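Right, one structure below, let's go through it.
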Amino acid sequence: MRVHLRGVVLPEDEVRDLWIHDGVVSFEPVRDADTLCTSGWIVPGLVDAHCHVGIRYGGGHEDHDGAVAQAEIERDAGALLLRDAGSPIDTRFIDDHPELPEIIRAGRHIARPKRYIRELGIELDDERDLPAIVAEQARRGDGWVKIVGDWIDRSVGDLAPLWSDAILKEAIDAAHGEGARVTAHVFGEAALPGLITAGIDCLEHGTGLTDETVELMVRYGTALVPTLINIDTFPEIADGAGKFPAYAAHMRDLHRRVRDTVANAHAAGVPIYAGTDAGGGIRHGRVADEIESLAHAGLSRTEALGAASWRAREWLGRPGIEHGASADLVVYTEDPRNGRDVLAAPAWVVLRGRVYDRRDPVTAHR
């Protein structure tokens, strides 16, 4: 397949001609190429940096066909690179499907008994086993490991850390020794200092960040994936937590101030990336909603889009629109920085050089 495109290429924000041949991008003309578009906006393939392919919406494990369907939904939304932040099933079979997005896997969540969603993670009775399990998951994953940093502790009726600071340092060092990065689910305030000073590479959600822990993140180079559309579910979670009034009030407070929290982290220089937390309580294919939320939390529209495209790809070690790189890009008829409605309606999605015409989803793939 030979394809020619012309449009405004982001992030350079300049009109360029691109060609696609044998699944890769060419900056040099390719003979006999079919012209796909002569105007529009061309963006490196979108990234959902916190996604769960393999968790069924509403809960439970997805089967083979369900996981494939989830990945297809992400592709059609323009999300061509997914960082799977914990899945109960092995989704490596998706690697055999060139029509599906690339998944960078973090293995399974690592938690303590009764301190996370039942049946999703690996539960450790003894925290001293954490370094060995982290190292094992690092060897099985794609360069990432996911631990649960805090969760409700029913004995105290509120969010509380799962691990001691010393064991976190040992575990994160073990992952780094295997060449993997570590991220952590964390909602509240108490677990943050230990996670950050232990050398965690990324925080998921991070709703409990304060001026002090933001400063620590900057000092340690910790990234943040705030999953804002998931945080929007906190009031509903609080409404269902009547037995734990302190926890319910805490969740409502974290939700109330989350956009200020993210804006503060961004202003301080914390690297922020877009992730929806799709799977379980959030439907797949909502990366446009997360970008829009970031644009209302202190990021400019260009920064919000970059957090789900070229900047996220660089962070995850994948190229943008480069000569010789895999042709993974999204084409819009309007500037995608104009808002959610434009972002949610790409004209064409190009994955590994294959064109998916999103103007009419029932048309045949080119």
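I104's amide H: which non-local residues (gap 5+, or another chain) put their own amide H closer than 5 Å, with H modeled 1.01 Å from N in plane and none for Pro or chain starts?
Placed amide hydrogens put L82, R83, D84 under 5 Å from I104.
Please give, to one decimal in nm, the separation of the simple spin-label points placed at D239 and R252, each 7 Å out from Cα toward the Cβ.
Reported label-point gap for D239 and R252 is 1.2 nm.
Relative contact order of the stretch 261-347, please, whole-number percent, based on alpha carbon pairs below 8 angstrom and at least 6 residues apart. Kindly include the intermediate steps, with their values, before the conclusion.
Values: 86 pairs, mean separation 21.5, N = 87.
Over the stretch 261-347, the number comes to 25 percent.
Place a label point 7 angstrom from the Cα of A263 along the Cα-to-Cβ direction, then list the residues of the stretch 291-307 whose backbone nitrogen is under 11 Å away.
Once the point is set 7 Å along Cα→Cβ of A263, 296-299 turn out to lie under 11 Å by backbone N, inside the stretch 291-307.
Kindly rank 269-275, 249-255, 201-207 from highest to lowest mean number of other beta carbons found within 10 Å of each residue.
Details: 269-275: 23.1, 249-255: 18.7, 201-207: 25.7.
Ranking the peptides 269-275, 249-255, 201-207 by packing returns 201-207, 269-275, 249-255.
What number do you get for the stretch 1-110 when its Cα radius of gyration is normalised by 2.2 N^0.38 Å, N = residues? Display every interim value, and only then the final one.
Details: Rg = 17.0 Å, N = 110, 2.2 N^0.38 = 13.1 Å.
Taking N as the residue count of the stretch 1-110, the ratio is 1.30.
Take the alpha carbon gyration tensor of the stretch 245-303, find the square roots of its eigenvalues, order them as a ≥ b ≥ c, and report rounded if a/c is under 1.5; if not, report prolate when a/b exceeds b/c, else oblate.
Values: a/c = 2.44, a/b = 1.15, b/c = 2.13.
Since a/c reaches 1.5 but b/c is at least a/b, the shape of the stretch 245-303 is classed as oblate.
Using a 1.4 Å probe on the protein heavy atoms, what percent of the accessible area of the stretch 165-221 belongs to carbon and sulfur?
Details: 990 of 2060 Å².
Exposed carbon and sulfur together represent 48 percent of the surface.
At what distance in nm do the modelled label points of M1 and D357 sit from each other, each positioned 7 Å from its Cα along Cα→Cβ?
About 1.2 nm, to one decimal.
Based on Cα coordinates alone, diagonalise the gyration tensor for the stretch 291-366, multiply each eigenvalue by 5, take square roots, and list the semi-axes in whole Å, largest first. Let's see the in-between values first.
Working: eigenvalues 102, 67, 13 Å².
Ellipsoid half-lengths, sorted descending, are 23, 18, 8 Å.
For the chain, with a Gaussian network of springs between Cα atoms less than 10 Å apart, report the residue from K243, K114, K146 with the top mean-square fluctuation.
K243
Suppose the chain between I73 and D125 were pulled fully straight at 0.36 nm per residue; how much longer would it get relative to their current alpha carbon spacing? Show your work: numbers first, answer last.
Numbers: separation 52, 0.36 × 52 = 18.72 nm, distance 3.70 nm.
Gain in length upon complete extension: 15.0 nm.
Restricting to DSSP H runs of at least four residues, report the calculated mean residue ellipticity at 222 nm for the chain, -39500 (n - 2.57) per run over all residues, nearest 500 deg cm²/dmol. Write down the numbers at each step before the final one.
Working: 13 runs with 110 residues, N = 366.
So the calculated ellipticity at 222 nm is -8500 deg cm²/dmol.
With each pseudo-label sitting 7 Å past Cα toward Cβ, what's the E322-D341 distance in nm, one decimal?
3.7
Once you order the gyration tensor axes a ≥ b ≥ c over the Cα atoms, which shape class does the stretch 64-221 get: rounded for a/c under 1.5, otherwise prolate or oblate by comparing a/b with b/c?
Working: a/c = 1.68, a/b = 1.60, b/c = 1.05.
Judged from the Cα gyration tensor, the stretch 64-221 comes out prolate (a/c at least 1.5, a/b above b/c).
When ligands, DNA and RNA are left out and all protein chains stay put, how many square angstrom of accessible area per residue does the stretch 216-366 have with a 1.4 Å probe? Don't jump to the answer; show the numbers that get you there.
Details: 6230 Å² over 151 residues.
Per residue, the stretch 216-366 has 41 Å² of solvent-accessible surface.
Shape verdict for the chain, please, from the Cα gyration tensor: rounded (a/c under 1.5), prolate (a/b greater than b/c) or oblate. Mind dumping the intermediate values first?
Numbers: a/c = 1.89, a/b = 1.71, b/c = 1.11.
Cα axes put the chain in the prolate bin.
Work out, step by step, the length gained on full extension between R16 and V218: first 0.36 nm times the residue separation, then minus their alpha carbon distance; give nm to one decimal. Before the final figure, lay out each step's value.
Working: separation 202, 0.36 × 202 = 72.72 nm, distance 3.60 nm.
Answer, rounded to one decimal: 69.1 nm.
List every residue whose amide H lies under 5 Å from the amide H of R2, counting only residues 5 or more places away in sequence or on a different chain, with H placed 1.01 Å from N in the peptide plane.
When sequence neighbours closer than 5 places are left aside, the close amide H contacts are D34.
The values are calculated or read from the model by the stated rules, or taken from the named source; none is laboratory data. As the structure is a computational prediction, the values presented were derived from the model and not from experiment. Positions of Cβ are generated from backbone atoms using ideal geometry, with glycine treated the same way; all protein chains shown enter the neighbour counts. These accessible areas exclude ligands, DNA and RNA; they are computed on the full protein's heavy atoms, side chains included. Shrake-Rupley method; radii C 1.70, N 1.55, O 1.52, S 1.80 Å.
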